[in-house]
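Have a look at the structure below, then the notes.
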Amino acid sequence: MQSTAQGTIDPAEVAKFEAMAADWWNPDGKFKPLHMLNPCRLDYITSQIAAEFGRDLKTDRPFEGLRLLDIGCGGGLLCEPMARLGATVIGADAAAGNIPVARIHAEQSGLEIDYRHTTAEDLAAAGERFDVVLNMEVVEHVADPLSYLTACYDLLKPGGLHICSTINRNPKSFAMAIVGAEVIMRWLPRGTHDWKKFITPDELFDLMRHAGLDPVDRKGFVFNPVSWQWRLSDRDLSVNYVTAALRPA
């Protein structure tokens, strides 16, 4: 039996999770959409962290000394590159099944990442504090966005950086994110998203300000069906977009 922070796992269970981990990290498997988006997400995240904390991305471990939380970490697609860049990484997910998957892949990759089955609210209540909080594709799934973003504020150290991505709410986002992604392309299971819970960029900035955060940037994630790649856009925030905000020092 292998001891873990959340109990024990027997070899048969480990084998099952290893098979799941292989699928999470298969770029042509069921998580292909996230693998396609990941380079674009990482480009934005790393540039924002480097700018805010004065780090040189050309060095081997530019994020050394920074404590980073990825809320809704899934299988660790963002946690692992952040750990490779030198950050002390905590990955949190409310879905218990994702945590052993992420742990096993990190171990296979030779990375030390602290994965926890928990919520932003519980981490904040426990007094956890971070230099960076990644909040990617989560806020559109919560029951109370303001309370959730307030927990994100509480999780940041003064001067800390909050990076949040979500989906805009308009006819185009309904066509692209629900009809296109769930029905036509079948990138996501039907019912993954509720269009009524999508949040416009202006609404998100207002929510962040009410939570105590200071929004400083926003960009669009734009998919090109010809090149089959995502890119960052200064102007097109019509469907997927990402924001940066600070907890005032």
Inset, instruction - Enumerate the pairs (first residue in segment 224-249 and over 24 Å from Val133 (Cβ atoms); second residue anywhere and of a type in the set (A, V, I, L, M) and at pLDDT below 95) with beta-carbon separation below 8 Å, excluding pairs fewer than 6 apart on the same chain, so at least 6 apart or on different chains. - result: Trp228/Met36; Gln229/Met36; Arg231/Val222; Asp236/Val222
Legend entry - Matching option when the condition is without any contact (Cβ under 8 Å) to a residue 40 or more places away in the chain and either over 23 Å from Asp214 (Cβ atoms) or hydrophobic (A, V, I, L, M, F, W, C) (or both), among Ala87, Ala92: Ala92
Inset, instruction - Take segment 120-155 and flag every residue that is assigned to a loop (DSSP other than H, G, I, E, B), open to solvent by less than 50 Å² (accessible area, probe 1.4 Å) and either free of Cβ contacts under 8 Å to residues at least 40 places away in the same chain or over 28 Å from Arg55 (Cβ atoms) (or both). - result: Gly127, Val142
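So is Pro62 open to solvent by less than 60 Å² (accessible area, probe 1.4 Å) and either over 14 Å from Trp24 (Cα atoms) or of a type in the set (Phe, Trp, Tyr) (or both) or not?
Details: open to solvent by less than 60 Å² (accessible area, probe 1.4 Å): yes; either over 14 Å from Trp24 (Cα atoms) or of a type in the set (Phe, Trp, Tyr) (or both): yes.
Criteria met by Pro62.
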Legend entry - Number of the condition not met by Asp70 [criteria: (1) of a type in the set (Asp, Glu); (2) crowded, with 23+ Cβ neighbours inside 10 Å; (3) farther than 23 Å from Trp230 by Cβ]: (3)
Inset, instruction - List every residue pair whose Cβ atoms lie under 9 Å apart, where the two residues are 6 or more positions apart in sequence or sit on different chains, the first residue falls within segment 56-79 and is touching a residue at least 12 places away in the same chain (Cβ under 8 Å), and the second residue, located anywhere, is part of a loop (DSSP other than H, G, I, E, B) and among the polar types (S, T, N, Q). - result: Ile71/Thr119; Gly76/Ser109
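The values are calculated or read from the model by the stated rules, or taken from the named source; none is laboratory data. As the structure is a prediction and not an experimental result, all values here were calculated from the model. With ideal geometry, Cβ positions are generated from the backbone for all residues, glycine too; neighbour counts draw on all protein chains shown. Remember, those area values only see protein heavy atoms, side chains included, never the ligands or the DNA or RNA. Shrake-Rupley method; radii C 1.70, N 1.55, O 1.52, S 1.80 Å.
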